[in-house]
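J.: My structure is below; once you've seen it, I'll send some questions.
The values are calculated or read from the model by the stated rules, or taken from the named source; none is laboratory data. These figures come from a predicted structure and were not determined experimentally. Note that we place each Cβ from the backbone using ideal geometry, even for glycine, and neighbour counts take in every protein chain shown. To get the accessible areas, we keep the full protein, side chains included, count just its heavy atoms, and leave off ligands, DNA and RNA. Shrake-Rupley method; radii C 1.70, N 1.55, O 1.52, S 1.80 Å.
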Amino acid sequence: MIWQAFKFDVGHLEVNCFMLGCFQTREAVLIDVGDWSDEIPRFSEERGLTVKTIFITHDHYDHIQGLPKAVQHFGAAVVAGTSELQGATVDRVVKHGDTLTVGEHTGRFVDTSGHTPVGLSLILPPLVFTGDALFAGSVGGTSNPDDYNRQLDNIRKNLFTLPGHYEVHCGHGPSSTIEIERTHNPFFV
């Protein structure tokens, strides 16, 4: 196993916040800090992980409420698809195709916008962090048909082309796999 990962259910909307650490270097990334929980730093300390990066999949408040405390505690760089995140400075604005290195591993960002005007998923093989773009058995809500179609097209083009065994870690609810979502998600079947 190359990663150690943990999911924290945070905030009143039960956002999935993830910490993913490289076994070799002990460097970690924190994904979607929907709220702050003492469980987050306790987990990193118990496992000897150093959070160097915080990635935000999209700018909805339920995914960023804990961001100021996380930045204060870890001193980590904030990475997002937009420079506008309430309550925090974005250190690196990324776009589709950009990469992120966590320890000895490199992942890439892919466009999964539609739920929000700017939305990115992070692929760190064999894991995919989709925020609110793709859920187990569903997709994130959109405000109009154009956004809905754009989101489905982005998921088809940028996620469903991945190997089927890749794990899909969503912004809310249970995790899944690319194969399960590609063949059984009612929004695509």
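J.: Scan the range 111-123 residue by residue and report those that are surrounded by fewer than 24 Cβ atoms within 10 Å (Cβ to Cβ) and within 16 Å of A5 (Cα to Cα).
T.: The one that is surrounded by fewer than 24 Cβ atoms within 10 Å (Cβ to Cβ) and within 16 Å of A5 (Cα to Cα): I123.
J.: Filter the range 125-153 for residues that are in a helix (DSSP H, G or I) and among the charged types (D, E, K, R); which is least open to solvent (accessible area, probe 1.4 Å)? Let's see the steps before the verdict.
T.: Applying the first criterion (in a helix (DSSP H, G or I)) to the range 125-153 yields 145-153.
Among the residues that remain, those that are also among the charged types (D, E, K, R) are: 146-147, 150, 153.
Values: D146: 117, D147: 32, R150: 82, D153: 86 Å².
Restricting to residues being in a helix (DSSP H, G or I) and among the charged types (D, E, K, R), the top hit is D147.
J.: Report the residue count in the range 171-189 for those that are surrounded by 14 or more Cβ atoms within 10 Å (Cβ to Cβ) and outside any strand (DSSP E or B).
T.: 11
J.: Please give the number of the condition S175 fails out of (1) touching a helix residue (DSSP H, G or I) at 6+ places or on another chain (Cβ under 8 Å); (2) closer than 27 Å to R26 by Cβ.
T.: (1)
J.: Just one of the numbered conditions (1) over 23 Å from H172 (Cβ atoms); (2) of a type in the set (V, I, T); (3) modelled with pLDDT of 95 or more is not true of V33; which one?
T.: Every listed condition holds for V33 apart from (1).
J.: May I ask you to list the residues in the range 6-36 that are touching a residue at least 40 places away in the same chain (Cβ under 8 Å), in a strand (DSSP E or B) and open to solvent by less than 30 Å² (accessible area, probe 1.4 Å)?
T.: Scanning the range 6-36 gives V10, V15, N16, C17, F18, L20, G21, C22, A28, V29, L30, I31.
J.: Would you check which residues across the range 97-112 are out of contact with any Leu (no Cβ under 8 Å at 6 or more places or on another chain) and in contact (Cβ under 8 Å) with a residue 24 or more places away in the chain and list them? Talk me through it step by step, then tell me what you get.
T.: Residues of the range 97-112 that are out of contact with any Leu (no Cβ under 8 Å at 6 or more places or on another chain), as a first pass: 97-99, 101, 103-104.
Of everything in the range 97-112, those that are out of contact with any Leu (no Cβ under 8 Å at 6 or more places or on another chain) and in contact (Cβ under 8 Å) with a residue 24 or more places away in the chain turn out to be G103, E104.
J.: Is it the case that some residue within the range 100-115 is among the acidic types (D, E) and part of a loop (DSSP other than H, G, I, E, B)?
T.: The first filter runs over the range 100-115 and keeps only residues among the acidic types (D, E), leaving 104, 111.
Then keep just the ones that are part of a loop (DSSP other than H, G, I, E, B); that gives 104.
Yes, the range 100-115 has at least one match.
J.: Name the residues in the range 47-96 that are within 17 Å of the chain's Cα centre (by Cα), without any contact (Cβ under 8 Å) to a residue 24 or more places away in the chain and either at positive phi or assigned to a strand (DSSP E or B) (or both), would you?
T.: Those that are within 17 Å of the chain's Cα centre (by Cα), without any contact (Cβ under 8 Å) to a residue 24 or more places away in the chain and either at positive phi or assigned to a strand (DSSP E or B) (or both): R92, V93.
J.: Still on this structure, I have one more. Do the conditions hold for E104, that is, is it surrounded by fewer than 20 Cβ atoms within 10 Å (Cβ to Cβ), modelled with pLDDT under 95 and over 22 Å from I56 (Cβ atoms)?
T.: Spelling it out, E104 is indeed surrounded by fewer than 20 Cβ atoms within 10 Å (Cβ to Cβ), modelled with pLDDT under 95 and over 22 Å from I56 (Cβ atoms).
J.: Restricting to the range 113-149, what's the tally of residues that are among the hydroxyl-bearing types (S, T, Y) and either under 16 Å from F160 (Cβ atoms) or touching a residue at least 40 places away in the same chain (Cβ under 8 Å) (or both)?
T.: 5
J.: Filter the range 154-165 for residues that are open to solvent by 30 Å² or more (accessible area, probe 1.4 Å) and in contact (Cβ under 8 Å) with a residue 12 or more places away in the chain and give the result.
T.: Residues satisfying the conditions are R156, P163, H165.
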